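The values are calculated or read from the model by the stated rules, or taken from the named source; none is laboratory data. It should be emphasised that the depicted structure is a prediction, and the values quoted were computed from it without experimental measurement. No Cβ is skipped: glycine too gets one built from the backbone with ideal geometry, and neighbour counts run over all protein chains shown. The protein model used for the area step is the full one, side chains on, heavy atoms only, and it has no ligands, DNA or RNA in it. Shrake-Rupley method; radii C 1.70, N 1.55, O 1.52, S 1.80 Å.
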Amino acid sequence: MPMPSKPSEIAIIGAGYSGTLVAAHLLKESKVPLTVRLFDRDPKQFGRGIAYATPLDCQLLNVPAANMSAFPDDPGHFLRWAKEREAQLLNPPWVVEVGPKSFLPRRAYGDYLAWVLAEAERAAAPGVTLIRRAEKVAKLSPEPNGEIKLVLAGGQVFRVDRAVLALGNFPPGNLPIPDPNFYRSPRYHRNPWLPGVLERILETRSCLLVGSGLTMVDWAVSLGQYGYTGQVHVVSRRGFWPKAHQAADPVGFALDLETGDPSVRAWVRQIRAYVAKTGCDWRAVIDALRPHNQRLWQSLPLAEKRRFMRHARPFWDLHRHRLAPGVAARLEAIAESGQLVRHAGRVQGYRETETGVEVTIRPRGVERAETLEVEAVVNCSGSESNYRRLESALVRNLLDQGLIRPDPLSLGIEVAMDGGLVNAQGVISDRLFTLGPPSKGMLWETTAVPELRVQAQRLAGLLLAG
Ligand SMILES: Cc1cc2nc3c(=O)[nH]c(=O)nc-3n(C[C@H](O)[C@H](O)[C@H](O)COP(=O)(O)OP(=O)(O)OC[C@H]3O[C@@H](n4cnc5c(N)ncnc54)[C@H](O)[C@@H]3O)c2cc1C
């Protein structure tokens, strides 16, 4: 199949963190003429993605500034950028100083990403250009001549040499309930990240947040920040929420992988024994595992991965994805004031009434269900990762053509180690690539900046090498 050894035109679909960083690396590193086409369906998220498009200063990064550089080989890059803008960033109580341990607003990080891209564009070699386009890519197909054809939602067609699917995080899916009609109600908000949803909830006297992870925390803290006085109910199966960051001395912990078959249960035993023996903070152990998580995940047999998903995932998530201390303190204060009520259990159904919504919850470990009345429900259960359930025209188009296939755990799609997409026949593409959240099933640890920046740099290098 004829194909240029080096691409002259590359499309990146999705201008969140991943797509923006791949574009920035291509612009910085290409020494020969190249056109980079960067697409995003949402103009407000262009160059920021879901995570960093928020305008709210109370939504903080959950990683300290020292570890948020966009460039793996320049760890101080973000911190220097932030220091130069310290006067604009200070905004008590959320930002009282800009230092390596500061948890800065995600809004500011979005500004940083926009700056990184603009700088890369400005310094690009002659003939190396970036073309931004705020429109949804609806279809993609490889052509017999080796090119890739993209069709936008409005019908316009582009042909490129390589394409990167940087599709990232999708809105949460609806949880299964016997009568899903409620999901059409204006009192139900499936996508908590849509503009205007917060304003709608601020008008209510009570709401239910479904899920108790990082999205719920964003919501609870943002409602408080905007003076919400209504009752906030939170429901999740176990009723836990993420732990807080706390300074912990690093430890040299490593799992013993030589003894016995790889098993999550055995690993948890090793972690517990180490913490008990050394008296160290468990956070230091979780952090010590971080560089090895992808390899550990890949060493697990599929049955063991399934077991992890069933039993250990919620515990892993709440220890691994921790809250900025200021956010954790605010959340505790809202809970202690009685404004926020936690429910551990399963939502069994919703019934819309004249004044609101009657929610039936079966508390954990109890046979009898309880009912709760609220005026609105927000789905904070996290990004939908099952590609068969996504309402994305592009994803459906790729599935229909067999160009992608979901991974066995439905955490994303199958991806080779270099980011090449694996098609329905198991063949790895040398023209279609991805990075970040879609590779969660293959890599597990692939959704936060410290991993994404490495993937973005590597993928750009691979694309430029032809
Ligand atoms: C709320 C939130 C907070 C987070 N906070 C942190 C943090 O503090 N620190 C950290 O390290 N990590 C954090 N993360 C994790 C991580 O940084 C994000 O997951 C990361 O932003 C992923 O970037 P992405 O570009 O892969 O995906 P996304 O940011 O989801 O971007 C994907 C983009 O693709 C676009 N798109 C999708 N389909 C199409 C299409 N067909 N055509 C055109 N465009 C399309 C979307 O509009 C979107 O803008 C957070 C994640 C979330 C969701």
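Computed quantities for the displayed model
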item	result
Extension gain from ALA125 to HIS319, taking 0.36 nm per residue of separation minus the Cα-Cα distance	65.4 nm
Cα→Cβ-extended label distance, 7 Å offset, between GLU332 and TRP115, nm	3.3
Hull shadow area, averaged, the stretch 49-155 [alpha-carbon convex hull, nm²]	9.7
Estimated [θ] at 222 nm from DSSP helical runs (n ≥ 4, -39500 (n - 2.57)) normalised by residues in the chain, nearest 500	-9000 deg cm²/dmol
Part-to-part distance (alpha-carbon centres) for the stretch 432-462 and the stretch 232-271, which is given in Å	23
Inter-site label distance for LYS149 and PHE240 at 7 Å from Cα along Cβ, in nm	5.0
Å³ per residue enclosed by the Cα convex hull of the stretch 247-382	174
Highest to lowest packing among 305-313, 322-330, scored as the average C-beta count within 10 Å	322-330, 305-313
The chain: angle of helix 106-122 to the longest principal axis, Cα-based, in degrees nearest 10	0
Per-pair calculated FRET efficiency, R0 = 22 Å: ALA416 and ARG290 via Cβ, rounded to 0.05	0.45
Estimated dipole of the chain in Debye, rounded to 20 [Cβ of Lys and Arg +1, of Asp and Glu -1, Cα centre]	580
Distance (nanometres) between label positions extended 7 Å along Cα→Cβ at GLN401 and GLN156	1.9
Percent of C-alpha pairs per 10 Å bin, the stretch 323-459, short to long	10, 26, 23, 23, 16, 2
R0 of 30 Å, Cβ-Cβ distance ARG351-ALA393: FRET efficiency to nearest 0.05	0.35
Between 0 and 90°, nearest 10: helix 17-29 axis offset from the chain longest Cα axis	30
Separation between Cα centres of the stretch 287-307 and the stretch 309-372, rounded to whole Å	28
Residue-normalised accessible area of the stretch 264-320, expressed per residue, 1.4 Å probe, Å²	58
Gain upon complete extension [LEU302, ARG265; 0.36 nm per residue less C-alpha separation]	11.9 nm
Net length gained if the chain between ILE177 and MET309 were fully extended (0.36 nm per residue, minus Cα distance)	45.4 nm
Convex hull (Cα only) mean projected area of the stretch 264-320, reported in nm² to one decimal	3.8
Ellipsoid equivalent to the stretch 141-266 - semi-axes via the Cα gyration tensor, in Å	35, 32, 17
Relative packing of peptides 405-411, 182-188 - highest average C-beta neighbours within 10 Å first	405-411, 182-188
Debye equation applied to the C-alpha atoms of the chain, log10 I(q)/I(0) at 0.07, 0.10 Å⁻¹	-0.38, -0.80
Pairwise FRET efficiency - VAL341 versus ARG272, Cβ, R0 = 30 Å, nearest 0.05	0.45
Pairwise centroid distance, computed over Cα atoms, of the stretch 80-99 with the stretch 1-74, Å	24
The chain: angle of helix 214-225 to the longest principal axis, Cα-based, in degrees nearest 10	60
